[in-house]
């Protein structure tokens, strides 16, 4: 018995050593990729700024330059090169004009957050604090939003102010690298949908995608889990269609659970983003569709463009499935999926994630 216990202790010790080797290796891999990405974005910003200086009207030429580059780069290298990110690269070079001054400990998302700070001395303060304390991007964002700089200056006892972030926001984890959209886009790797959807949601989205295409009425599939980034936050829309009869994008988000006002607000933000960044000439504004399902009912809500006129409202009712149609389909498919997995009809509470 003692030998068995000693063997287990030995295996645990070896495991811990190997774990430390792998954790360190993954961390070094992230640093290497991140350093290459940050330097590449700095150089892109430099090229844009230097090219702008050749234009007679810099502001107007700069806008045309960003617009033209975004379309070409996005087509070849992915959505990490949308207009907002290119403007950030330009600002990055202007704010950090010396390449050797960039810190390898900071990711592109760190720098995007720091770029929001107008005063160079405040930006430098957060840069140094972020490096010395090893803040994640979420920790940095919380510190900026909670006026950490001002609170620290006003405090007589600064240590509690410094320590509080570790209880308010968890620190970075080694596995976060595989969830970083910027890294995945830079390396042109496919996202793992397992991080983004539960099994039931994924199955429902599969069925709804088929349902809308089979329904006809002008639907053309654009993509699923379509992502975009605003102010360092990453958002994903479950399904995106383009309806060529209505000449507009149709954005669909599915929630397992009850509809909340936050869901409606988020969908309105999606609509605003597509309106400002992705609409083409002649398009009408996008339509948002939120599908919610729980054990009791299915709820469908359309989020329409602001100031939509009655003619448009009538047209969308003609070509889009009605709320009743969608609710029936959602409820029917949910029951089918749950029955296939043995989750429905037994009256028991299921605590395992699905």
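Quick note: the coordinates plus some simple rules give every number you see, no bench work behind them. Bear in mind that the values here come from a model prediction, so they are computed numbers and not experimental data. Neighbour counts are summed over all protein chains in view; Cβ atoms, including those assigned to glycine, are modelled from backbone coordinates with ideal geometry.
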Pair residue 13, residue 225: separation of 7 Å Cα→Cβ label points (nm) = 4.2 nm
Order of 84, 155 under a 10 Å beta carbon neighbour criterion, fewest first = 155, 84
Take the alpha carbon gyration tensor of the stretch 229-287, find the square roots of its eigenvalues, order them as a ≥ b ≥ c, and report rounded if a/c is under 1.5; if not, report prolate when a/b exceeds b/c, else oblate.
-> oblate
Taking 0.36 nm per intervening residue step and subtracting the Cα-Cα distance, what contour gain separates residue 187 from residue 153 on full extension?
-> 8.2 nm
Estimated inter-spin distance, residue 91 and residue 29, nm [label 7 Å along Cα→Cβ] = 3.3 nm
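Which whole-number percent is the relative contact order of the stretch 217-266 (Cα, under 8 Å, 6+ apart)?
Numbers: 68 pairs, mean separation 15.1, N = 50.
Averaging sequence separation for qualifying contacts and normalising by length gives 30 percent for the stretch 217-266.
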What spacing in nm lies between the two simple spin-label points modelled at residue 40 and residue 67, each 7 Å away from Cα in the Cβ direction?
-> 2.7 nm
Protection-proxy order for peptides 217-229, 9-21, each taking the mean of Cβ atoms within 10 Å per residue, highest first = 217-229, 9-21
Nearest-0.05 FRET efficiency for residue 105 and residue 207 at R0 = 51 Å, using Cβ-Cβ distance, is 0.70
